[in-house]
Amino acid sequence: MAKRTFKKDNKEYLELKTETVKKGEHIMKDIGKKIKKDAEHLKDKIEGGVKENVGKATGNQEMEFEGKVKNKVTKAKEEAADMKESILEKVNDKMDEKDKKNQKK
């Protein structure tokens, strides 16, 4: 992150270059995507649970199986999304460390 200080009207200011704004925009987009994915997973969990329980109640084994499969697939998608998020956080941390080292030079 590039920054510089300057004085104006006997006050010191810190100016951050547009990279910071762009990074913030990316963070907001990522949060929006995560919320959307979480909502999709919740919807799929509900649908799977309803199918499974209706299948059990009506004796419809095919519907019950479809519900169980939907729940397993949703769980796998959630776990994959969590792993991806964890990896991205680690990559971002390493990039931030590298940026800090470069700023000190």
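Coordinate-derived values only; no laboratory data. Quick caveat: nothing in here was measured; it's all calculated off a predicted structure. Backbone-built Cβ (ideal geometry, glycine too); neighbour counts: all protein chains shown.
A few comments on the model shown:
- Listed values for the stretch 73-81 are Karplus-derived 3J(HN,Hα) couplings in whole Hz (6.51 cos²θ - 1.76 cosθ + 1.60, θ = phi - 60°), namely 5, 4, 4, 5, 5, 4, 5, 5, 5, and x replaces Gly and Pro.
- Placing pseudo-labels 7 Å out from each Cα toward the beta carbon at SER86 and LYS72 gives an inter-label distance of 2.2 nm.
- According to the Kirkwood relation over distinct C-alpha pairs, the hydrodynamic radius of the stretch 48-105 is 14.2 Å.
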